[in-house]
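K.L.:
Below you'll find the structure I mean.
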Amino acid sequence: MEHSQTRTSEVVRSERLGSDIFRLTVLAPWIAEAAQPGQFVMVQPADGQDPLLRRPFSIHQVTGAGAVQILFKVVGRGTSLLSRIRQGGQLNVIGPFGKGFALPSGVEENICLIGGGMGIAPLLFLAKRLIGRSAVVGCRLVALLGARTGSELTVLQGEFQQLGLATAIATDDGSSGHHGLVTQLMLQNMAPGDAWRVYTCGPHPMMRGVVEICQGMAWPCQVSLETMMACGMGACLGCAITNPKDPNSYLHVCKDGPVFEMSEVAWR
Amino acid sequence: MTQPDLRVTIGGLELPNPVMTASGTFGYGEEFASYVNLHRLGAVVVKGISLQPRAGNPPPRIVETACGMLNAIGLENVGVDRFLSEKLPYLRRANARVVVNVLGDSIDDYRALAERLSDAEGISALEINISCPNVKKGGVAFGTDAKMARAVTEAVRNATRLPVIVKLSPNVTDITAIASAAADGGADAVSLINTLLGMAIDIRSRRPRLANVVGGLSGPAVKPVALRMVWQVARTVSIPVVGIGGITSAEDAIEFLIAGATAVEVGTANFINPRATEEILAGLIAYLKEHRLASVRELIGSLQLG
Ligand SMILES: Cc1cc2nc3c(=O)[nH]c(=O)nc-3n(C[C@H](O)[C@H](O)[C@H](O)COP(=O)(O)OP(=O)(O)OC[C@H]3O[C@@H](n4cnc5c(N)ncnc54)[C@H](O)[C@@H]3O)c2cc1C
Ligand SMILES: Cc1cc2nc3c(=O)[nH]c(=O)nc-3n(C[C@H](O)[C@H](O)[C@H](O)COP(=O)(O)O)c2cc1C
Ligand code: FES
């Protein structure tokens, strides 16, 4: 019987990537070693009992030195508390949990990563795992990133580019890149006749848009979903979503996902 | 100092220590096996099991509240057949003492479940969740009516040789009356509390935060209420009482023992700290040593009044 850790980790780096976007790097080798792209961690926002529950965050990156990164936007009390943690502080992080992205088994595909808002978080980790294989066979590896405003993407776009990905961005306010939806970038960057494999994470309406295009083009697509979660480990059954294949049962995002094939999810 | 004696007996169920898990917060045990040595726990109480599998309620099913959470899972479970074939074997291999929490829509359901589970090997006791609606009686919860609570208890009692723990709902005017009814019906013990009915509203959309509108409150927020009820029930009935509600630390567990609980179940705390049960056990041992108590039984019901 393996023994997973619950001890507190040291925050070795704390960054602010936008007015309300933060990134924390914690030293948790047992998570870094086991983590797969698309998996998530459960983070305790503060000591004490209010807020009570852990918060789920995608694993944004892991480093060889045993560090794990999360990228988040302040949307409420928990993330506000997390945004105040500085380098040298402590954070209780457990995981990794869930089923991550399935890496392609074939090699003749172009791959497109499509992230909206904080949905970009897991895609950087995924990109790192994908660069090795696509470079070998000369397939295209593209990242399409969307955000409210350009400043939120400056650092992140640079990191995808450093890995060698072609990137394009879309912003709600038009301050940078395409003025509009990230889905509108798809057909500009992905020739319909080509074979593409798509990985996406972001707001539900955005992913629905991505899935509609992928269904039309017959491109395989994996999506990463969010729900409220109490435990993250399959115990509370709080993270249920409709199962389109069986009306008499629900899927559980923390265990069956958070990554699903687009066909496994009810989009209506 | 020698190790303190941690053994307790809950109506024929002998446990190596009084720290158990609360139903619905520990899955079927296996989910926690990488964090906790299941064999070391007093017992593992599994997610409530019904005769047929249940899908549960539509989402959203949970919402966080001040120092607590509301849930309306809707008793989703794999059903007794799959429990026996897929879930119980793991718990047996892990050498866990297994308490099966059961639920039904009718007295016949409870009786049938008790019979099925009594035939299986590797089950230490049954915990009867009587917070469920009685479909034949217009949906009134078994646990809110003393007559129905007694009738369910009797039906299960007559259908099994296993120790029977009746789990009480706090959503009643006088929980001691229901506890007495369970005792009269032949319960070996009572456990309390199940969740307190509550709700939460999103003021922007003016919609309930749970699809089910109402849900059960659990976590530290309910602890004072649970402790008060455990104390009242322990004074009223002569069968053992298992304390549940907002226990997150050894100190919390010790409060329940002092109030009269023979054992405790740890619920929502497992979500925040998956090692909560083992840490509570370690804290309890440290407390007994520090206070030079040879046995945990010296604590039970030791509340000093006046
Ligand atoms: C698998 C998974 C991965 C995630 N990855 C990231 C990530 O990489 N970066 C990031 O910024 N966020 C991520 N989230 C969302 C993140 O968990 C929530 O933003 C966070 O829990 C909000 O906490 P809070 O206390 O600040 O907000 P609260 O005060 O609790 O709530 C504020 C708002 O956020 C919503 N919210 C609360 N909890 C969740 C939740 N679990 N999922 C979705 N929305 C929620 C509430 O409905 C409310 O509208 C992820 C969620 C899941 C399920
Ligand atoms: C998500 C969740 C699911 C639960 N499911 C059950 C159940 O199936 N059967 C049951 O008797 N109690 C169930 N309970 C109630 C708990 O066992 C416990 O009585 C209650 O949560 C109070 O304890 P706590 O504050 O330590 O969580 C559930 C509680 C939660 C939070
Ligand atoms: S979050 Fe608890 S089961 Fe999925």
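K.L.:
When you scan region A:1-73 for strands (runs of 3 or more DSSP E) that lie fully inside it, which ones turn up with 1 or more residues that are closer than 18 Å to A:CYS201 by Cα?
P.N.:
In region A:1-73, the matching strands (runs of 3 or more DSSP E) lie at A:21-27, A:40-44, A:55-58, A:67-73.
K.L.:
Continuing with the same structure: Of all residues in region A:31-48, count the ones that are farther than 19 Å from A:LEU124 by Cβ and in contact with a Ser or Thr (Cβ under 7 Å, 6 or more places away or on another chain).
P.N.:
Here the count works out to 0.
K.L.:
Still on this structure: Considering region B:56-80 alone, what residues qualify as being within 21 Å of the chain's Cα centre (by Cα), more than 13 Å from ligand 3 (Cβ to nearest atom), in a loop (DSSP other than H, G, I, E, B) and facing chain A (nearest Cβ under 7 Å)?
P.N.:
Correct list: B:CYS67 only.
K.L.:
How many residues does region B:39-55 contain that are more than 7 Å from chain A (Cβ to nearest Cβ) and surrounded by fewer than 19 Cβ atoms within 10 Å (Cβ to Cβ)?
P.N.:
Count: 4.
Residue by residue, here is whether (1) over 24 Å from B:SER23 (Cα atoms); (2) surrounded by fewer than 23 Cβ atoms within 10 Å (Cβ to Cβ) holds:
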position	(1), (2)
B:VAL264	no, no
B:ALA269	no, no
B:GLU279	no, yes
B:ALA282	no, yes
B:ALA286	yes, yes
B:LYS289	yes, yes
B:SER295	yes, yes
B:ILE300	no, yes
B:LEU305	yes, yes
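K.L.:
Every residue in region A:220-232 that is more than 7 Å from chain B (Cβ to nearest Cβ) and either in contact with a strand residue (DSSP E or B) (Cβ under 6 Å, 6 or more places away or on another chain) or modelled with pLDDT under 95 (or both), please.
P.N.:
If the condition is that a residue be more than 7 Å from chain B (Cβ to nearest Cβ) and either in contact with a strand residue (DSSP E or B) (Cβ under 6 Å, 6 or more places away or on another chain) or modelled with pLDDT under 95 (or both), then A:PRO220, A:CYS221, A:GLN222, A:VAL223, A:SER224, A:LEU225, A:MET229, A:GLY232 are the ones that fit.
K.L.:
Where residues in region B:116-163 are of a type in the set (S, T, N, Q) and under 21 Å from B:PHE83 (Cβ atoms), which of them is nearest to the chain's Cα centre (by Cα)?
P.N.:
Applying the filter and picking the extreme gives B:ASN129.
K.L.:
Scan region A:112-128 for residues that are over 12 Å from the mean Cα position of the chain (by Cα) and buried (at least 23 other Cβ atoms within 10 Å of the Cβ) and report the count.
P.N.:
1
K.L.:
Here is a follow-up. Restricting to region A:204-252, and then to whatever is under 19 Å from the mean Cα position of the chain (by Cα) and charged (D, E, K, R), can you tell me which residue is farthest from B:ALA276 (Cα to Cα)?
P.N.:
Among them, the one singled out is A:ARG208.
K.L.:
Please verify whether region B:4-23 includes one or more residues that are within 8 Å of chain A (Cβ to nearest Cβ) and outside any strand (DSSP E or B).
P.N.:
No: zero hits.
K.L.:
Filter region B:116-140 down to the residues that are within 17 Å of B:GLY185 (Cα to Cα) and either exposed (fewer than 14 other Cβ atoms within 10 Å of the Cβ) or among the aliphatic types (A, V, I, L, M) (or both) and list them by number.
P.N.:
B:ALA125, B:LEU126, B:ILE128, B:ILE130
K.L.:
Out of everything in region B:164-216 that is in contact with a Leu (Cβ under 8 Å, 6 or more places away or on another chain) and among the charged types (D, E, K, R), what residue ends up being nearest to B:VAL242 (Cα to Cα)?
P.N.:
Out of the qualifying residues, it is B:LYS167.
K.L.:
Among the residues of region A:21-37, are any within 13 Å of another protein chain (Cβ to nearest Cβ) and farther than 27 Å from B:ALA33 by Cβ?
P.N.:
So far as region A:21-37 goes, no, none of its residues is within 13 Å of another protein chain (Cβ to nearest Cβ) and farther than 27 Å from B:ALA33 by Cβ.
K.L.:
Note down all Cβ pairs under 9 Å where the first residue falls in region A:235-257 and is closer than 19 Å to A:CYS201 by Cβ and within 16 Å of ligand 2 (Cβ to nearest atom), the second is at pLDDT below 95 and in a strand (DSSP E or B), and they're at least six residues apart or on different chains.
P.N.:
Short answer, once both residue conditions are applied: none.
K.L.:
Yes or no: B:GLY122 under 16 Å from B:GLY104 (Cα atoms) and not in a strand (DSSP E or B)?
P.N.:
Judged against the criteria, B:GLY122 is not a match.
K.L.:
Given the criteria more than 13 Å from chain B (Cβ to nearest Cβ) and either closer than 30 Å to A:THR6 by Cβ or hydroxyl-bearing (Ser, Thr, Tyr) (or both), does A:ASP194 qualify?
P.N.:
no
K.L.:
In region B:220-250, which residues are on the phi < 0 side of the Ramachandran plot and small (Gly, Ala, Ser)?
P.N.:
Once the filter is applied, which keeps residues that are on the phi < 0 side of the Ramachandran plot and small (Gly, Ala, Ser), region B:220-250 yields B:ALA221, B:ALA226, B:ALA234, B:SER238, B:GLY243, B:SER249, B:ALA250.
K.L.:
Looking at region B:178-195, which of its residues are crowded, with 24+ Cβ neighbours inside 10 Å, assigned to a loop (DSSP other than H, G, I, E, B) and either aromatic (Phe, Trp, Tyr) or more than 8 Å from ligand 2 (Cβ to nearest atom) (or both)?
P.N.:
Scanning region B:178-195 gives a single hit, B:ALA187.
K.L.:
For B:VAL99, all conditions in the list (1) touching a residue at least 60 places away in the same chain (Cβ under 8 Å); (2) within 11 Å of chain A (Cβ to nearest Cβ); (3) hydrophobic (A, V, I, L, M, F, W, C) hold save one; what is the number of the exception?
P.N.:
(2)
K.L.:
Output the number of residues of region A:233-268 satisfying the condition of being more than 8 Å from chain B (Cβ to nearest Cβ), in contact with a helix residue (DSSP H, G or I) (Cβ under 9 Å, 6 or more places away or on another chain), in a loop (DSSP other than H, G, I, E, B) and small (Gly, Ala, Ser).
P.N.:
Counting residues in region A:233-268 that are more than 8 Å from chain B (Cβ to nearest Cβ), in contact with a helix residue (DSSP H, G or I) (Cβ under 9 Å, 6 or more places away or on another chain), in a loop (DSSP other than H, G, I, E, B) and small (Gly, Ala, Ser) gives 1.
The values are calculated or read from the model by the stated rules, or taken from the named source; none is laboratory data. Quick caveat: nothing in here was measured; it's all calculated off a predicted structure. In this analysis, Cβ positions are derived from the backbone assuming ideal geometry, glycine residues included, and neighbour counts consider all displayed protein chains.
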